[in-house]
Amino acid sequence: MPAARGWHGYRLWTAVGLVVVTVLAVLAWFTPALSVRTVRIDGLTAVPEEQVRERLEIPDGRSMLRIDTTAIARRVAAIPTVRSVRVQRKFPSTVLVTVVERTPVVYLDAPDGAHLIDAESVEFAIEPAPPIGVPKLVTEGSMPGPDAARAAVAVLVTLPPALSVQVGEVVARSVSDVSLNLRDGRKVVWGGTGDGERKAAVVMPLLTREGTVFDVSSPNLVTVK
């Protein structure tokens, strides 16, 4: 009998605990005790904050537990200039939205403006004038624009920072024929998109020599003219 009473007592307290937890969950879900009072947005530089806030769609007084962080992130990520978004609940009453923007590594000039392309080869914006310091993509031959952009980006992301800031134009004739026109008038013949690390290792010492054309397309046999 004592064992039976113990078992029934355990079941009783378990049931009571479940009721308490359920009541607390309901209170947190529907009452303003855990409502959203602050929305903080971090990481914005080019994207207007108002544009992000319009996509959040968080009603006033909504419980922190009732907001759909995945849906919010998806709506904000639909902004073309946004690369990624993270939405977090910061209890008791703050929603933190962390945005990573797309930044241009090259642009394609067109009649409607500068088409900005990021490090993932995504064309994400058109601006009246190109950003300062971003090189221009020049396409030659029969290679389509998207393929030329991918080839240019593949080269640019492997360049040493000291060389990146000197590049004024990236000329892409084919996947195996990419050249860099530097702002001081010199030219670097890069060749194909492969062997990027080896080319990056030899190009800066090569640029200390006198010349106008620096060929690292074959990194084991570089030339200067």
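The values are calculated or read from the model by the stated rules, or taken from the named source; none is laboratory data. This structure is a prediction, so every number in the text was calculated from the model and none was measured. Cβ: placed from backbone, ideal geometry, glycine included. Neighbour counts: every protein chain shown. Remember, those area values only see protein heavy atoms, side chains included, never the ligands or the DNA or RNA. Shrake-Rupley method; radii C 1.70, N 1.55, O 1.52, S 1.80 Å.
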Practice task
For ILE67, state whether it is crowded, with 16+ Cβ neighbours inside 10 Å, of a type outside the set (D, E, K, R), closer than 22 Å to THR38 by Cβ and over 16 Å from the mean Cα position of the chain (by Cα).
Solution key: yes
Fill in the blank from the handout: Of (1) over 14 Å from the mean Cα position of the chain (by Cα); (2) surrounded by fewer than 18 Cβ atoms within 10 Å (Cβ to Cβ); (3) farther than 22 Å from LEU159 by Cα, SER84 fails just (1)
Completion exercise
ALA78 passes all but one of the listed conditions (1) over 11 Å from VAL39 (Cβ atoms); (2) open to solvent by 70 Å² or more (accessible area, probe 1.4 Å); (3) without any contact (Cβ under 8 Å) to a residue 40 or more places away in the chain; the exception is number (2)
Practice task
For GLY141, indicate whether it is open to solvent by 40 Å² or more (accessible area, probe 1.4 Å), touching a strand residue (DSSP E or B) at 6+ places or on another chain (Cβ under 7 Å), at positive phi and not hydrophobic (A, V, I, L, M, F, W, C).
Solution key: yes
Exercise for the section: Considering every residue within the range 53-64, establish whether at least one is in contact with an Asp or Glu (Cβ under 6 Å, 6 or more places away or on another chain) and surrounded by fewer than 17 Cβ atoms within 10 Å (Cβ to Cβ). Expected result: no
Practice task
State whether one or more residues within the range 89-104 are in contact with a Pro (Cβ under 7 Å, 6 or more places away or on another chain) and either buried (at least 17 other Cβ atoms within 10 Å of the Cβ) or in a strand (DSSP E or B) (or both).
Solution key: yes
Practice task
Determine whether PRO32 is at pLDDT below 95 and in contact with a Gly (Cβ under 7 Å, 6 or more places away or on another chain).
Solution key: yes
Exercise for the section: Any residue in the range 101-115 that's over 22 Å from GLY43 (Cβ atoms): show its pairings with residues that are surrounded by 12 or more Cβ atoms within 10 Å (Cβ to Cβ) and among the polar types (S, T, N, Q) at Cβ separation under 8 Å, as long as the two are six or more apart or on different chains. Expected result: LEU108/THR139
Problem - Given (1) more than 26 Å from THR223 (Cα to Cα); (2) of a type in the set (Asp, Glu); (3) in contact with a strand residue (DSSP E or B) (Cβ under 7 Å, 6 or more places away or on another chain), index of the condition GLU120 fails - result: (3)
Exercise for the section: For residues that are under 18 Å from VAL165 (Cβ atoms) and either of a type in the set (Val, Ile, Thr) or open to solvent by 40 Å² or more (accessible area, probe 1.4 Å) (or both), tally how many sit in the range 202-215. Expected result: 4
Exercise for the section: Please tell me if PRO80 is of a type outside the set (Gly, Ala, Ser) and over 22 Å from PHE124 (Cβ atoms). Expected result: no
Exercise for the section: Report yes if VAL222 is hydrophobic (A, V, I, L, M, F, W, C), open to solvent by 20 Å² or more (accessible area, probe 1.4 Å) and touching a helix residue (DSSP H, G or I) at 6+ places or on another chain (Cβ under 6 Å), otherwise no. Expected result: yes
Problem - Among the candidates ALA149, ALA162, ALA129, residue that is small (Gly, Ala, Ser) and surrounded by 15 or more Cβ atoms within 10 Å (Cβ to Cβ) - result: ALA149
